[in-house]
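This report refers to the structure that appears directly beneath it.
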Amino acid sequence: MKMYKETLRKLIPIGVPLALITIIYTVITSGQNYFGTYVISASQAAIRLAPVLVYYTLSGILFAYYGFSYLFRRAASDLYHSLPISRFDLYLSTTLATATWMGGTIVLNLLAVLGLLLISGCPFVPVYIPMAMLFFFVASMLVYAAAAVGCALSGTLLTALASTGIVLFVPRFIQFIVARGVVARVPIVGWLDLPALLNPASNIATGMVVMQSRQVFVSRIINMPNTLYSMLPMLVLLLLGAWLFIRRSSETAEKGTGRKVWIIATASLLALAALLLITVDNHRLLSMYGVALVAIAFLVFVVYQFIASRNIKQILFSTPWFLLTCAVAFALSLGIDATVENILGKTPAPTEIASVQFRGHDEKMDNLEYTTVLLQEIDYTADSMKKYVSETLADAVDRIKEKDFYAFDVYSQYQTIEPIAITLTSGETIKRTIEFKNVMELNALREEDPFFQAAIRAFPTLDSIQYINSDILLTKEESLALLTSFISESQKNGLVPNSYYRPRSQYLDDRGYALEVNGDQTVGRISIAGYVADKRIYEYYTLRMETPETAALMMRTYNAYIKEGMFDRLAQALKHMASPLAIERESLSVNLDFYNLTNQRGDRYTQSVNLYISGYTKHDEAYADIYLTYLEKFVEIIKRGTPTDNTDRMFVRFDWFEYDGTSHRHEQEPACYLAFSQEDELALQALIIEWQTATMV
Amino acid sequence: MFHIDRFGRQPIYEQIIEQALQLVASGVLKPGDQLPSVRSLSQALSTNPNTLQKAYTELERRGITMSVPGSGRFIANEAQRLVAVGMEGLLLEVTALSQKLAAAAIPESKVQAAVHLAYSKDKLAAPEAKASAEKDT
Amino acid sequence: MITAKNLTKRFSDVAALHNLNCQIPNGCVYGLVGANGAGKSTFLRLATGVYKPDEGDITLDGTPVFENITLKKRFAFVSDEFWAMPQSSMERMASLYSAAYDAFDHKRFTSLAKEFGLDTGRAIATFSKGMRRQAATILALSTGADHYFFDETFDGLDPVMRNLVKQLLYAQVVDTGATVIISSHSLRELEDTCDQLALLYQGGIVMQSDVSDLKTSLFKLQIAFGHDFDKTVFDGLELLSYTRQGSVANAVVRGDKEKSRALMQQQNPILLEILPVTLEEVFLFEMEALGYAFDITQGGN
């Protein structure tokens, strides 16, 4: 107990600064995130709650090296070993003290985050907090245990670092390289399609390194299975560290690692790590690249041994081990090749398939759409689906084998890539990510499943939604009113709110452009965020004309914000911009979205007109001329508009803003919805066509 | 009371014993006088207590001192007599010294005169020694 | 009593100590002498449980020392190089010691530091080498141990400090029956301080004796005769060496001084002097005697 307190005190120079730095950093960055404008994107995954903790786990090395620093100096080592404390107690007190410092820092950081989340009202998944605490604690202790093993084995700092690196990273590195090799060579297998043991996310050490470069893993790293899985090596390493420490002789200090076997083993593993880089980008071992790597690996092999033991004879005698290492690297490379062949060979016939699951087109993102969460649960067993999937997969494999890369010959806007999981009748599950030519064809097949139909029309319950945003302008109550209206209207009419799953418009106008017509016309957007069980969800709902009551509500809500004398202000702004007084960095932008315009086929469509003039664009006289003219012409008619909530007739969404680049003055007039008399409607339509012609030149 | 010549060749052990005997002989230490404890002597002289202990044990063995449990060490009653007895060994040295003088052709009368000188100096101390010796018997 | 039996310790296949046997009785001040590299530091580290014996054992009252916490609480080790935690002061090191030693006496620590004139709050890195040794000694003396091990520590102390330390140690020896083990390569150092001396040579203890015995039972005898003579005049005495220059002979004798003098006197020499030997001379003679012994055994193999 006394030694524990003494060691706690000893570790203060490491513990306190790190705790302060991490907490300050966490509070500042979380504060910025949670109180900022883009709250919806904050705390998407547990690991982003306190990202600094990812780096903090490495402090396990600092604690170990500082706590066991006496092992590297003869005089210090002798002193500690002469004291009446058992070697086990020395190890235990350092381990417990480190656990206290690291655990305490992690808990404090996450409690600070919790406080900020609660104060800011930002949505978060409550279970993320304790899970993150446990995860980061296990990760930190894992790193510490590896470092402790390194220290116990070594007499100098350098060899301890090498040993720690070996223990901590080499197995994971091999795992990562193999996974990378497979993913690089098989386009239809993505990182998330790999089985659990090959998947770098399952291992804390590589998981956290890999997520820096591959965002796909971020939300997958902190979960209970990963944490529990990593506890095993943590415990093993702690016990190993204790055992090695107890057996360590005091005279090892200042003498490298002393043990010949471990020096050679470390050198071999370091060389292996270098050699494995061969698999990184589909290179062959017998290329120039391969030869260079072998040379580098050999250099590493020799140099490390020289630093650790300075025994030239020993180095010469160890060369057979290097050859063995090369053989192992080669074998691994062949293993990867075999795995790739195996994967490409798996093209099950429909009869071999038991069911298919679609993991969600947004599976790679940090947080999922609510719909995806529901759809992930569905097992598709219809024969038509099995056949479709089997054919698509076989086709993809053929194309890869033929051309060694993967692409469609013709690009169409309906192509989609979806990760799938195929459960075979044999019980095996294979995961692939393949392209489907036509998303509507796929959706049609999926719709045969009643669960699918219900899922794509489902909304999360109101109490699982923590955050609603439609426009900065509107209040929370107004946004909530819009949302509830949208939900009830969609449900009443059995509409599909998610853009990905609703039938896509294939409408082309006379000139061949795709148009959203009639009910498809987009009137606004609402985004929501929250969590369901332990999953963070979000949705961006598009408000369309197909929910007219909601649209009308929205129009009324905005119109209530109309400020008196809007058109007078607009006239003044226009006059100012037209005059020579307007300087370069001043600008005026008028946005007009015309809804329910009718085309020759009798369909209603939306047309946007954006009129922009700035002091700078005025230099181009021709440009300025046109825009000023049309600004005046449009405003002339728009002035006569009246606020409306009628969705049957033509109306315009109108807003404008002025901007002064020098003083950064920004005047935004809130949007409003205006309707016109019949003559004005016709005049507007004509004016629009005139404008389109004028600006096409 | 005692002093140590660290740089001389004579072992400390012998020095202590010799000095003790001399102090008893010259009457500085009388029967019943207490000797310093090993501890205080060791501190005063910066000397190994075990060595001092040995010397003290030897003194006791010779009968010069006796220890009273709980009180310390004291000069024994027969100390002076025993020292005197021990001193008689010095007569041999007198003879040896006289031999040297004779060989150098110094006349015997001069040697006797020298001896006489020593005894006349002792006349002051001698009656006391005689008197206490008479008391004891 | 500390007992070493067939104690062997190897470093990289070279035996630093080989079948070492010795006994260190309680309450003595034990000096271990040996050349640099003879194995003194190794022995002390084996005795204090820093190293583990490769063969044989070293025990206190029959129980091996290594990793025995109860025993080690009675041992305090002062190395020649006092290591302190980075940026630490004596006070900080005291806190480490007291975490390890149950009986650590902080009051004594403070008063000792004052006696030595050391500031316990000051960084040890600023101390001179001598002050560091003093600090180490103070810490050791405050641990409440009853066995103190000094590895060449005394060599670096100035005479005043050395005296102070000796007095403190002697007080402990008398008061609590403490045992002090000191190693040095200088015999002069140990002569005054110890009452037991052992000589470490080629990985083993070749000689161990009570200091007083050594110094009283050996002496130099200088004798001259008017007539010719040879070594036979010394018959009846145990001679360790004999040299003659002209009519004067010098011999080193083991035995009782007075008896030897009386014996020689009978031969009527013209000169007879008895002189004490220094401990160094004693060891040299003993070493020679043993050196011959070693050679003979090796030659015989």
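The values are calculated or read from the model by the stated rules, or taken from the named source; none is laboratory data. Values in this document were obtained by computation on a predicted structure and should not be read as measured data. Ideal geometry is used to build each Cβ from the backbone, glycine not excepted, and the neighbour counts take in all protein chains shown.
Could you check segment A:439-490 and list, in sequence order, the residues that are of a type in the set (Ser, Thr, Tyr), under 14 Å from A:Ser527 (Cβ atoms) and without any contact (Cβ under 8 Å) to a residue 12 or more places away in the chain?
Just the residues of segment A:439-490 that are of a type in the set (Ser, Thr, Tyr), to begin with: A:461, A:464, A:467, A:470, A:475, A:479, A:484-485, A:488, A:490.
From what is left, the residues that are under 14 Å from A:Ser527 (Cβ atoms) are A:467, A:470, A:479.
If the condition is that a residue be of a type in the set (Ser, Thr, Tyr), under 14 Å from A:Ser527 (Cβ atoms) and without any contact (Cβ under 8 Å) to a residue 12 or more places away in the chain, then no residue fits.
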Leading residue by the ranking (farthest from A:Glu6 (Cα to Cα)) among those in segment A:78-89 that are facing chain C (nearest Cβ under 8 Å) and either aromatic (Phe, Trp, Tyr) or buried (at least 19 other Cβ atoms within 10 Å of the Cβ) (or both): A:Asp78
Of all residues making up segment A:482-534, the number that are part of a helix (DSSP H, G or I) and either buried (at least 16 other Cβ atoms within 10 Å of the Cβ) or of a type outside the set (Gly, Ala, Ser) (or both): 13
Residue satisfying all of: in segment C:247-263; more than 11 Å from chain B (Cβ to nearest Cβ) and either part of a helix (DSSP H, G or I) or hydroxyl-bearing (Ser, Thr, Tyr) (or both); surrounded by the fewest Cβ atoms within 10 Å (Cβ to Cβ) among these: C:Lys259
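Looking at segment C:78-95, can you tell me whether even one residue there is among the charged types (D, E, K, R), closer than 26 Å to A:Arg73 by Cα, assigned to a helix (DSSP H, G or I) and within 9 Å of another protein chain (Cβ to nearest Cβ)?
Here is the first cut: in segment C:78-95, the residues among the charged types (D, E, K, R) are C:80-81, C:91-92.
This time we only want the ones that are closer than 26 Å to A:Arg73 by Cα, so: C:80-81, C:91-92.
Subset that is assigned to a helix (DSSP H, G or I): C:91-92.
This time we only want the ones that are within 9 Å of another protein chain (Cβ to nearest Cβ), so: C:92.
Yes, that holds for at least one residue.
How many residues are among the aliphatic types (A, V, I, L, M) and either modelled with pLDDT under 85 or more than 16 Å from A:Asp680 (Cβ to Cβ) (or both) if we restrict to segment A:612-639? Write out each step before concluding.
So the first thing to find is which residues in segment A:612-639 are among the aliphatic types (A, V, I, L, M), and the list is A:613, A:622, A:624, A:626, A:628, A:631, A:635, A:637-638.
Next cut, either modelled with pLDDT under 85 or more than 16 Å from A:Asp680 (Cβ to Cβ) (or both) only: A:613, A:622, A:624, A:626, A:628, A:631.
Total satisfying the criteria: 6.
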Residue in segment B:34-41 that is more than 13 Å from chain C (Cβ to nearest Cβ), touching a residue at least 12 places away in the same chain (Cβ under 8 Å) and among the aliphatic types (A, V, I, L, M) present: yes
Inter-residue pairs, beta-carbon under 6 Å, first within 10 Å of another protein chain (Cβ to nearest Cβ) and in segment C:168-192, second in a helix (DSSP H, G or I) and surrounded by fewer than 18 Cβ atoms within 10 Å (Cβ to Cβ), 6+ apart: C:Val174/B:Arg39
Selection count where residues are aliphatic (A, V, I, L, M) and touching a Ser or Thr at 6+ places or on another chain (Cβ under 8 Å), scope segment C:41-59: 3
Unmet criterion (only one of (1) modelled with pLDDT under 85; (2) loosely packed, with under 14 Cβ neighbours inside 10 Å) for A:Phe317: (1)
Verdict on A:Leu117 being at pLDDT 95 or above, of a type in the set (A, V, I, L, M, F, W, C), assigned by TED's automatic domain parsing to the domain that holds A:Ile222 and at negative phi: no
Residues of segment C:217-265 that turn out to be of a type in the set (Ser, Thr, Tyr) and free of Cβ contacts under 8 Å to residues at least 12 places away in the same chain, as a count: 3
Criterion: free of Cβ contacts under 8 Å to residues at least 24 places away in the same chain and either within 14 Å of another protein chain (Cβ to nearest Cβ) or under 20 Å from the mean Cα position of the chain (by Cα) (or both) - qualifying residue of A:Ser202, A:Ser219, A:Ser213, A:Ser250: A:Ser213
Filter pass, A:Tyr659 being surrounded by 13 or more Cβ atoms within 10 Å (Cβ to Cβ) and at pLDDT 90 or above: no
Residue in segment B:12-33 that is surrounded by the fewest Cβ atoms within 10 Å (Cβ to Cβ), counting only those that are within 14 Å of chain C (Cβ to nearest Cβ) and of a type in the set (D, E, K, R): B:Glu18
Residue that is farthest from the other protein chains (Cβ to nearest Cβ), among those in segment B:45-78 that are free of Cβ contacts under 8 Å to residues at least 12 places away in the same chain and aliphatic (A, V, I, L, M): B:Met66
Single condition B:Arg9 does not satisfy, out of (1) within 14 Å of chain C (Cβ to nearest Cβ); (2) in contact with a strand residue (DSSP E or B) (Cβ under 7 Å, 6 or more places away or on another chain); (3) in contact (Cβ under 8 Å) with a residue 12 or more places away in the chain: (3)
Filter result (in contact (Cβ under 8 Å) with a residue 12 or more places away in the chain and either outside any helix (DSSP H, G or I) or more than 10 Å from every other protein chain (Cβ to nearest Cβ) (or both)) within segment C:64-77: C:Val65, C:Phe66, C:Glu67, C:Asn68, C:Lys73, C:Arg74, C:Phe75, C:Ala76, C:Phe77
Subset of segment C:216-236 that is charged (D, E, K, R) and touching a strand residue (DSSP E or B) at 6+ places or on another chain (Cβ under 7 Å) - its residue that is nearest to B:Leu52 (Cα to Cα): C:Lys220
Residue list for segment C:96-132, restricted to those being over 23 Å from A:Phe72 (Cβ atoms), outside any loop (DSSP other than H, G, I, E, B) and either touching a helix residue (DSSP H, G or I) at 6+ places or on another chain (Cβ under 7 Å) or among the charged types (D, E, K, R) (or both): C:Ser98, C:His106, C:Lys107, C:Arg108, C:Phe109, C:Leu112, C:Ala113, C:Lys114, C:Glu115, C:Phe116, C:Gly130
All positions within segment A:466-506 that are farther than 17 Å from A:Tyr540 by Cβ and charged (D, E, K, R): A:Lys476, A:Glu477, A:Glu478, A:Glu489, A:Lys492
Complete set of residues in segment A:537-554 that are surrounded by fewer than 23 Cβ atoms within 10 Å (Cβ to Cβ) and assigned to a loop (DSSP other than H, G, I, E, B): A:Met545, A:Glu546
Members of segment C:26-63 found to be in a strand (DSSP E or B), of a type in the set (A, V, I, L, M) and at pLDDT 90 or above, listed by number: C:Val29, C:Leu32, C:Ile58, C:Leu60
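Determine which member of the set C:Arg122, C:Arg108, C:Arg133 is over 26 Å from A:Lys5 (Cα atoms) and away from chain A (no Cβ under 11 Å). Spell out how you get there, then give the answer.
Numbers: C:Arg122 fails: over 26 Å from A:Lys5 (Cα atoms); C:Arg108 fails: over 26 Å from A:Lys5 (Cα atoms).
Only one candidate passes the filter, namely C:Arg133.
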Residue among A:Ser69, A:Ser140, A:Ser120 that alone is under 28 Å from A:Met231 (Cα atoms) and either in contact (Cβ under 8 Å) with a residue 12 or more places away in the chain or within 23 Å of the chain's Cα centre (by Cα) (or both): A:Ser140
